[in-house]
Amino acid sequence: MNQILNGKTILVTVSGPDGPGITARLMKIIASYNVDVLDMGQAVTHGLLSLSFVLGFGSTSNDGGNVLKDLLFDANGMGLALSYKVVEEKIHTLEMEGDKFIVTCVSPLKITANFVADLAQILANYKINIERIDKVSPKEFSSMEISTSIPKSLDSKALKSELMKVSTTHKIDVAFLKDNVFRRNKRMIVFDMDSTLIQAEVIDELAELCGVGKEVKEITERAMNGEMDFDESLKLRVSKLKGLKVDRMQEVLENLPLTPGVEEFIKTIKILGYKVALISGGFTFFADALKKRLGLDYSFANELEVKDGELTGRVTGTIVNANQKAILVKLIAQQENISLEQVVAIGDGANDLPMLAAAGLGIAFHAKDVVRKEAQQHLSHGPMTSILYFLGIPGPNSNEKF
């Protein structure tokens with residue numbers, strides 16, 4: 001047997017109950033025979049180990065059979081099954097030509113077989129090779145990461161459209177993220193405010209107090225869908241707030257509902273040292289209050305003009321519109337000496353798109369279809385804490401529903 005293995009490449013597969021020290025014991029045997037390890041991979045699923053490694057035997061080696069016998073004996077002593085076969089030497093260097101990507105999947109409930117089947121078929125249709133699948137949620141199977149290699153000729157726009165369809169069908173969020181040094185090295189999160197950080201459009205709430213709620217809401221809807229110039233829509237809506245007492249704004253502030261998962265999400269990223277900013281096309285009265293309440297580092301919004309304790313129906317200063325949002329993202333990153341690749345921007349409206357595009361990771365959060373289609377990534381089914389998985393951070397268990 002020793003002579004037969006000369007110059008051969010052997011794939012060894014070990015499976016069985018997992019425990020500490022298994023890999024160490026097997027590698028010590030291989031090292032004692034001075035056999036080359038050409039490749040290896042290991043995963044644990046539901047407490048069961050799957051370990052594979054490729055051994056290369058020189059053309060003059062006389063110990064191949066002894067190595068395998070010792071490995072078989074030791075594995076059996078640990079209650080493990082071990083098998084081996086001769087493979088082509090070039091297999092261990094076989095790779096796709098394109099970049100590495102991680103497909104991150106997060107469900108508010110659980111990952112289903114139907115979802116995995118549909119997702120895997122889409123990847124296969126686009127010649128994307130699945131290299132590894134890992135469960136990343138702490139307890140139940142509600143999230144997973146799929147490591148892939150992609151062909152250089154990938155039609156990323158068409159793939160994104162297909163992934164969006166499967167996400168919508170199964171109500172499971174899917175992100176297709178480049179697996180590079182920046183993926184787990186984000187340093188700043190930038191939020192939109194209305195319908196992102198909070199579950200309301202503040203200007204619509206103020207309009208209700210003025211008796212023009214329906215009219216203003218329709219304008220807001222058009223603006224968020226990109227059907228109307230933001231500056232024009234803001235001035236028109238604010239004009240209808242003329243005469244509103246400033247103290248009435250406090251009533252609105254006290255009743256603003258935070259988006260599910262926001263407080264836990266911000267607490268988690270702050271502990272990890274992230275900077276957090278709020279850049280809103282809304283108003284400073286509310287943005288500054290949320291900055292204080294949530295412990296944010298920055299807040300930018302529009303300033304309502306006030307005279308004699310009432311709103312004049314005008315805004316003062318530079319309007320925080322779509323372009324201004326992107327500019328502010330870049331300025332804050334520069335101020336903090338953070339690369340834009342390390343910035344995550346989260347928003348829901350058409351006026352957020354330049355901000356989402358400027359950031360290394362732009363996420364359309366429970367957004368309008370026009371925004372979901374244009375943004376890099378989208379999260380449409382889970383709470384804010386689901387974004388932790390996109391960042392490579394094992395998120396908390398959460399039964400919160402959006």
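Things worth noting here:
- Projected label points at Asp308 and Gln335, each 7 Å from Cα along the beta carbon direction, are separated by 3.6 nanometres.
- Counting DSSP beta bridges with both ends in segment 188-390, the antiparallel % (nearest 5): 25 percent
- Spin-label model distance (nm) - Ala117 vs Phe141, 7 Å beyond Cα toward Cβ: 1.4 nm
- Residues of type lysines that Lys373 reaches as a straight line, Cα spacing below 16 Å, ignoring anything fewer than 8 places off in the same chain: Lys157, Lys160, Lys165
- Met144 sits among other residues whose Cβ lies under 9 Å from its own Cβ, and their net charge, with Lys and Arg +1 and Asp and Glu -1, is -1.
- Going from the fewest other Cβ atoms within 10 Å to the most, the residues Ser83, Ser52, Ser143 appear in the order Ser83, Ser52, Ser143.
- Mean Cβ count within 10 Å, highest first, over the residues of peptides 374-382, 110-118: 374-382, 110-118
- Summarising the strand pairing of segment 82-198, around 95 percent of its internal DSSP beta bridges are antiparallel.
- Within-9-Å neighbourhood charge of Cys105 [Cβ basis; K, R +1; D, E -1]: -2
- P(r) histogram, all alpha-carbon pairs of the chain included - 20 Å bins from 0, percent: 24, 44, 22, 9, 1
- Each residue of segment 33-43 is assigned a 3J(HN,Hα), and the resulting list reads 9, 6, 8, 6, 9, 8, 6, 6, x, 9, 8 Hz, derived from the Karplus form 6.51 cos²θ - 1.76 cosθ + 1.60 (θ = phi - 60°), x at Gly and Pro.
- Around the Cα centre of segment 270-396, unit charges on the Cβ atoms of Lys, Arg, Asp and Glu (plus for the first two, minus for the last two) sum to a dipole of about 200 debye.
- Length released on extending from Lys242 to Ser52, taking residue separation times 0.36 nm less the Cα-Cα span: 61.3 nm
- Charge sum, other residues only, whose C-beta stays under 12 Å from Leu379's C-beta, Lys/Arg counted +1 and Asp/Glu -1: 0
- Shape of segment 177-242, Cα gyration tensor, a/c cut at 1.5: prolate
- Cross-link reach list, lysines versus Lys275, counting only Cα pairs under 18 Å and skipping chain neighbours closer than eight places: Lys186, Lys267, Lys291, Lys292, Lys325, Lys330
- Dipole of the chain, positive end: most advanced residue of Leu119, Leu236, Met193 [Cβ charges, Cα centre]: Leu119
- Counting only DSSP H runs of at least 4 residues, each contributing -39500 (n - 2.57), and dividing by the residue count of the chain, the helix-based mean residue ellipticity at 222 nm comes to -10500 deg cm²/dmol.
- Value of relative contact order over the chain, rounded to a whole percent, pairs C-alpha under 8 Å and six or more apart: 15 percent
Every read-out reported here was derived from the displayed coordinates using simple, explicitly stated rules and does not represent laboratory data. What you see is a predicted model, and the numbers here were worked out from it, not measured in a lab. Cβ: placed from backbone, ideal geometry, glycine included. Neighbour counts: every protein chain shown.
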